[in-house]
Amino acid sequence: MNIPKESSDINRGVCISKQEVKEIKKIIATILIVLMIFPMVTHEADDVYAESGKVTISASTLNVRTGPGLSYPVLKKVHKGEEYRIVDTQKDWYKVDTGSGEGWVAEWLVSVESSSGEASRMSEGQVNTDGLRVRTGPDTSEEIVTVLNSGDHVTVREAEGDWLFVKWDNGSGWVHRQYVTEGSSGSSPTKKRKNEQGIITDNSLNVRTSPSLHSQVLGVLNKGDQVEVTGSVSGWYEITFGSDKAWVSEKYVEFSPSSTEEPAWPSSSDLIGIITVHSLNVRDQTSLNGRVVGKVSKGEKYPILQEENNWYQIKLSNGKKGWVAGWYVQKTVTASAHEGETSSQKEKVTILYNGTNIRSEANTQARVIGRGSSGDVFQVISKDGDWYEIKLADGTRGFVAGWVVSIRSSSGENTTLSRTKKGGLQDKVVVIDPGHGGRDSGTTGASGTLEKLLTMRTGELLAEKLKSAGAEVVLTRKNDEYLSLPSRVSLSHYYQADAFISIHFDSIMDSSIVGHTTFYYQSHQKELAENIHGSLADRLPTRDRGVRTGDYHVIRENNQPAVLLELGFLSNPAEEANVNTQYFQELAATAIYHGLGDYFSD
């Protein structure tokens, strides 16, 4: 059959078209991929362009580094208020032209203007609640980075729905929009004040480089210390600290002593200072710029003659006087400050508790050279503050704390430095220890609950109940900051606590485990543990896991009646949800309160 030429051409065209279609499909796929990639590249270029412009240095002195990270060498130093052109960006770092070379500066220590002169896409904000969880992403399922508290200042960098991406001094993350008040600048001008004399109302108060809980700690102040207040911003006082300006929380500064507060330290003539570092310079003035006139060493004791701006004037063994930095000195009261107490060798002490430590020096950090048992009697050689130097059976000498012994005077009358348990909560000293804090978050619950926040909230509720009953309450920490275990125990000893309560929440690999447990370590702590646990068992809806002995530092090293409470398991999702409620925390605080009432009513 003869096929017309036109038909033959048509059939040949169809065959060729199939091959061409395959090629065309490949070309189209390639074009689509390029088109998908192209907008992404353009977007990145836009981001870089948006960050171009100049930076203004925010820190007083800032290192310019050879690369975008703190591990790179320092190229030069720049200063607050100086402006530099941005030439590149990488993550949280800007590459700037310093005029003498290009280097990198940290984004969180500069402010940025775009090339058009407009401020970059940032606004200032202030956290309006305590315990605000900061997460790695804009969702409650994201991992918790840290927590912020009411009054903390942040820079808002980005928004996504109900979430804000914020930065602060040393971190960044996502928070829910409703807990940040935008427009509250973290750089509020300092209100100048006349140089007023303030009195610190709490122990171990951190002194910081700027008015933020995230700023560097320069040192600490203690109750009764006097400071010169030179300015203020919301929630903070600017003070003179040595030769520097520094900041402390306004909550712990008074301008006139309150008659309801615990009396301040005795006069300087009744104080001695114990050096707490291995080598400390003695200077001719209250400044680190003062001329060095001598050196003192750890453990040495000197009379404190004067106090000025947290510097102590001491008298050296050669008769010379000089000033030492107060944040390296532990103050204690001399024997003369205790009216009616003598160091007569006719006095004897009787040990009240089994396992009482006998130490080489008159402080709780000194080496233990022996242990006494309940009923042991020792001859008193001398008195050093609240410590007795005693003569041991082998003729050697040691020191025992006055709050764990009873005293037999030369007349044969028995006295004791420990307070009576009777009379209820009125005037009893209760030290509340909210476990963990700061960089130590404690355990983390199945849904991300941080133990350190629960212990703080429960401790504050308990403190309010005890204060209303007339007790003197000491919190080992009042905010989210780290405090070492020995420091917590030292506060118990310093205040001669009638009861020390350490609050915790538990965790274990087995998520089915639930309940509350009370721990004690020394025999004289058992009665307190049983009273508090009995009240917990009566009032808490969780499983009763009983009273147990536990080898925990804050009760093992504590000479006072002390307990450690585990109020629930965060590793169990249901119990985690329960202990997070205001109802449970109120219930737990009420139960501890009544347990203490039972203990002090015996």
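The values are calculated or read from the model by the stated rules, or taken from the named source; none is laboratory data. All values reported here derive from a predicted model rather than from experimental measurement. We place every Cβ from the backbone using ideal geometry, glycine too, and count neighbours over all the protein chains shown.
The rows are residues; the columns are (1) among the hydroxyl-bearing types (S, T, Y); (2) assigned by TED's automatic domain parsing to the domain that holds E576; (3) without any contact (Cβ under 8 Å) to a residue 12 or more places away in the chain.
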{"residue": "G424", "(1), (2), (3)": "no, no, no"}
{"residue": "G438", "(1), (2), (3)": "no, yes, no"}
{"residue": "K465", "(1), (2), (3)": "no, yes, no"}
{"residue": "Q496", "(1), (2), (3)": "no, yes, no"}
{"residue": "S502", "(1), (2), (3)": "yes, yes, no"}
{"residue": "D510", "(1), (2), (3)": "no, yes, no"}
{"residue": "G515", "(1), (2), (3)": "no, yes, no"}
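Answer yes or no as to whether F519 is in a strand (DSSP E or B) and closer than 14 Å to V429 by Cα.
Working: in a strand (DSSP E or B): yes; closer than 14 Å to V429 by Cα: no.
No.
Answer with yes or no whether V554 is within 21 Å of G355 (Cβ to Cβ), assigned to a helix (DSSP H, G or I), among the aliphatic types (A, V, I, L, M) and in contact (Cβ under 8 Å) with a residue 12 or more places away in the chain. So that I can check it myself, show each step before the final result.
On the way: within 21 Å of G355 (Cβ to Cβ): yes; assigned to a helix (DSSP H, G or I): yes; among the aliphatic types (A, V, I, L, M): yes; in contact (Cβ under 8 Å) with a residue 12 or more places away in the chain: yes.
Criteria met by V554.
One line per residue, one yes/no per condition, for (1) among the hydroxyl-bearing types (S, T, Y); (2) more than 28 Å from the chain's Cα centre (by Cα); (3) at pLDDT 80 or above; (4) within 30 Å of L454 (Cβ to Cβ):
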| site | (1), (2), (3), (4) |
| --- | --- |
| S58 | yes, no, no, no |
| T61 | yes, no, no, no |
| L70 | no, no, no, no |
| H79 | no, yes, yes, no |
| E82 | no, yes, yes, no |
| R85 | no, yes, yes, no |
| K91 | no, yes, no, no |
| G99 | no, yes, yes, no |
| G103 | no, yes, yes, no |
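Working only within region 464-478, note down all residues that are within 21 Å of S441 (Cα to Cα) and not β-branched (V, I, T). Full working, then the answer.
Our first condition is that a residue be within 21 Å of S441 (Cα to Cα); within region 464-478, this holds for 475-478.
L475, R477, K478 - these are the residues of region 464-478 that are within 21 Å of S441 (Cα to Cα) and not β-branched (V, I, T).
Give the residue that is farthest from A446 (Cα to Cα), with candidates limited to residues of region 479-511 that are outside any strand (DSSP E or B) and touching an Asp or Glu at 6+ places or on another chain (Cβ under 7 Å).
To start, the set of residues in region 479-511 that are outside any strand (DSSP E or B) comprises 479-498, 507-511.
Those still in the list that are touching an Asp or Glu at 6+ places or on another chain (Cβ under 7 Å) too: 482, 488-489.
Values: Y482: 23, R488: 28, V489: 30 Å.
Among them, the one singled out is V489.
Among the strands (runs of 3 or more DSSP E) confined wholly to region 274-315, which include 2 or more residues that are under 17 Å from D225 (Cα atoms) and under 30 Å from the mean Cα position of the chain (by Cα)?
Numbers: elements: 279-283, 292-297, 301-308, 311-315.
Fully inside region 274-315 and qualifying: 301-308, 311-315.
Taking region 441-474 as the region of interest, how many residues are within 19 Å of D202 (Cβ to Cβ) and not in a helix (DSSP H, G or I)?
Looking only at that region, the number is 4.
Restricting region 129-177 to residues that are in a strand (DSSP E or B) and charged (D, E, K, R), which is nearest to S212 (Cα to Cα)? If you could, list the steps in order and put the result at the bottom.
Initially, region 129-177 is screened for residues in a strand (DSSP E or B), giving 132-135, 144-148, 153-160, 163-168, 171-176.
From what is left, the residues that are charged (D, E, K, R) are 133, 135, 157-158, 160, 167.
Numbers: R133: 17, R135: 20, R157: 19, E158: 22, E160: 26, K167: 13 Å.
Per the criteria, the residue is K167.
What about T444, is it at pLDDT 85 or above, within 14 Å of the chain's Cα centre (by Cα) and polar (S, T, N, Q)?
On the way: at pLDDT 85 or above: yes; within 14 Å of the chain's Cα centre (by Cα): no; polar (S, T, N, Q): yes.
For T444, the condition - at pLDDT 85 or above, within 14 Å of the chain's Cα centre (by Cα) and polar (S, T, N, Q) - is not met.
Can we say N289 is at pLDDT below 80, on the phi > 0 side of the Ramachandran plot and not assigned by TED's automatic domain parsing to the domain that holds V473? I'd like the intermediate steps shown before the answer.
Numbers: at pLDDT below 80: yes; on the phi > 0 side of the Ramachandran plot: no; not assigned by TED's automatic domain parsing to the domain that holds V473: yes.
Considered against the rule, which asks whether it is at pLDDT below 80, on the phi > 0 side of the Ramachandran plot and not assigned by TED's automatic domain parsing to the domain that holds V473, N289 comes out as no.
D498: at pLDDT 85 or above, among the charged types (D, E, K, R) and over 21 Å from the mean Cα position of the chain (by Cα), yes or no?
Working: at pLDDT 85 or above: yes; among the charged types (D, E, K, R): yes; over 21 Å from the mean Cα position of the chain (by Cα): yes.
The answer is yes for D498.
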